[in-house]
Amino acid sequence: MDGTQIALVLGALLLLVIVVLLVLVLRRVSARRVEEANRLAEAEAAAQRDAAATRAEAEREARDVVADARRRAADLTAEAERRLALDRAAEDESRADLARHRDEVRAELRALREEQSHRELRLSEREARLDRDGGELEQVRIALEGELEQHRREAQELAAQSATHQAELERIAELTTEQARAELLTQVEQDSHRQAALLARDIEDKARRGADQQARMILVGVMQRLASEQTTEATVTSVALPGEDMKGRIIGREGRNIRTFEQVTGANLVIDDTPEMVLVSCFDPVRREEARLALVELVEDGRIHPTRIEEAHRRSQETVKERCHQAAEDALLEVGITDLAPQLVDTLGTLRYRTSYGQNVLKHLVECAHLAGMIAAELGLDVAACKRSAFLHDIGKALTHEAEGSHALVGADLARRHGEHPDIVHAIEAHHNEVDPETVEAVLVQVVDAISGARPGARRESVETYMKRMTRLEKIARSQTGVDKVFAMQAGRDVRVMVKPEVVDDVEAQVLARTIVQQIEAELTYPGQIKVTVVRESRATATAK
């Protein structure tokens with residue numbers, strides 16, 4: 001083969017190689033496209049599967065939401081039916097009460113008509129009887145006028161005889177009328193002195209016999225043997241939360257939960273920046289405790305919505321009622337009273353959550369009962385009656401917001417309606433002098449109430465009120481003429497007034513003290529007593545040379 005043929009063969013081989021390479025490249029490209037197409041198909045299938053799963057999950061959630069909505073609708077329907085039934089029952093009861101009241105009014109009207117007819121009959125009989133008596137009285141008047149004229153004639157005759165007898169007596173006694181009168185006055189004066197001495201001796205004996213009673217009253221005034229706990233805060237309660245997200249659940253969507261809570265419980269929720277803490281505020285301590293228990297239950301459960309709030313509040317009311325009853329039973333057991341009326345026991349229990357100037361009222365009653373028992377034992381009084389009177393003296397504070405009048409009169413009326421002894425009722429109504437105390441037990445209740453309230457730490461007073469009272473005390477004293485300096489000491493219970501000796505003498509110092517006391521009593525309100533001491537210092541100095 002020559003060179004030309006070889007070149008042709010090589011060219012053909014080269015062309016064949018190029019063709020083979022092109023074929024291989026085309027096959028690889030087509031295989032890659034097939035793989036990409038397969039991957040796309042698999043991705044599309046996976047997407048379809050995910051879409052189907054998402055659609056199934058959404059359908060399940062929708063079915064759950066519909067089922068939950070149906071259950072809630074059923075619950076609300078049942079609750080509405082229950083409330084409607086209660087309203088119908090209340091309406092039926094009101095109608096029955098109105099019918100009974102109408103029948104009672106009709107019966108009362110019939111009785112009044114019958115009584116009116118009887119009165120008219122009696123009045124007619126009385127008029128006829130008065131007519132008859134009038135005629136008889138006229139006859140008696142004529143007879144009495146005749147007798148009066150006869151008595152006048154007899155009196156004139158007696159006066160003439162008396163003058164004759166007096167002249168005869170003066171002749172026989174050899175004394176004139178003035179001399180006899182002077183001798184008689186001397187004798188009467190001697191007798192009067194003797195009777196006055198006897199009367200003074202009787203008064204002294206009575207004072208000696210009453211000294212024991214007076215000593216008892218003084219002993220009651222100075223006794224102070226019992227100490228108890230200090231005062232506590234009484235208007236705000238805090239509730240701890242497990243996390244900050246709980247605040248949002250308490251508030252609810254658009255504030256629905258917190259509005260429902262405040263409407264149902266009557267207490268206010270204070271949700272501020274304090275971490276993991278919510279404040280329950282209410283001036284009624286019973287409602288505040290009910291709201292606190294309901295909120296604690298809701299936070300522990302985690303499910304907070306209007307229906308759950310109402311259920312939790314009902315359970316908290318029952319819990320507070322049980323706690324009040326148990327507290328009253330414990331207090332009665334502690335003071336040894338076993339025959340109290342059940343209605344009074346429940347009323348006493350509510351005092352567990354009530355305070356007076358920070359002092360718990362129920363514990364104050366227990367403390368007063370112990371004080372009264374100890375003092376009565378020292379004085380030889382009826383210990384049981386004194387303890388009972390002291391224990392019940394503030395029971396009216398549980399009903400003051402429901403009945404008109406002071407708590408002393410309200411409590412006395414409550415005790416009277418439940419069969420308490422009249423002496424105990426009198427001690428209750430007289431412990432703040434709405435009624436003058438007439439028994440030793442009433443005075444004893446006043447004393448133990450003052451001891452329990454005035455002991456150190458028993459009651460609290462706001463700083464603002466304390467400062468205003470101290471400032472007013474000093475201002476009243478400084479407003480008097482001749483005052484130099486004023487010092488209010490012992491929390492305002494002792495006021496020392498320094499006066500200028502050249503302006504105020506000793507007599508005017510006494511008058512100044514009484515004037516300041518009268519102005520304090522008229523213008524200030526304060527616990528216990530305030531002692532005013534006027535100090536006048538006068539110095540004379542001389543030097544011997």
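Is it fair to say residue 514 is modelled with pLDDT of 80 or more and loosely packed, with under 14 Cβ neighbours inside 10 Å?
yes
Does at least one position in the stretch 72-82 carry a residue that is open to solvent by less than 80 Å² (accessible area, probe 1.4 Å) and in contact (Cβ under 8 Å) with a residue 60 or more places away in the chain?
Checking the stretch 72-82: at least one residue is open to solvent by less than 80 Å² (accessible area, probe 1.4 Å) and in contact (Cβ under 8 Å) with a residue 60 or more places away in the chain.
Residue 406 versus (1) open to solvent by 10 Å² or more (accessible area, probe 1.4 Å); (2) of a type in the set (Ser, Thr, Tyr); (3) within 15 Å of residue 440 (Cα to Cα): which is the lone unmet condition?
The failed condition is (3).
At least 2 residues that are open to solvent by less than 20 Å² (accessible area, probe 1.4 Å) and within 30 Å of residue 525 (Cβ to Cβ) in each: list the helices (runs of 4 or more DSSP H) lying fully within the stretch 294-402 that qualify.
361-379, 383-392
The values are calculated or read from the model by the stated rules, or taken from the named source; none is laboratory data. What you are looking at is a predicted structure, and each value in this text was computed from that prediction instead of being measured. Please note: Cβ atoms are built from the backbone with ideal geometry, for glycine as well, and neighbour counts cover all protein chains shown. Ligands, DNA and RNA are excluded from the accessible area calculation, which covers all protein heavy atoms including side chains. Shrake-Rupley method; radii C 1.70, N 1.55, O 1.52, S 1.80 Å.
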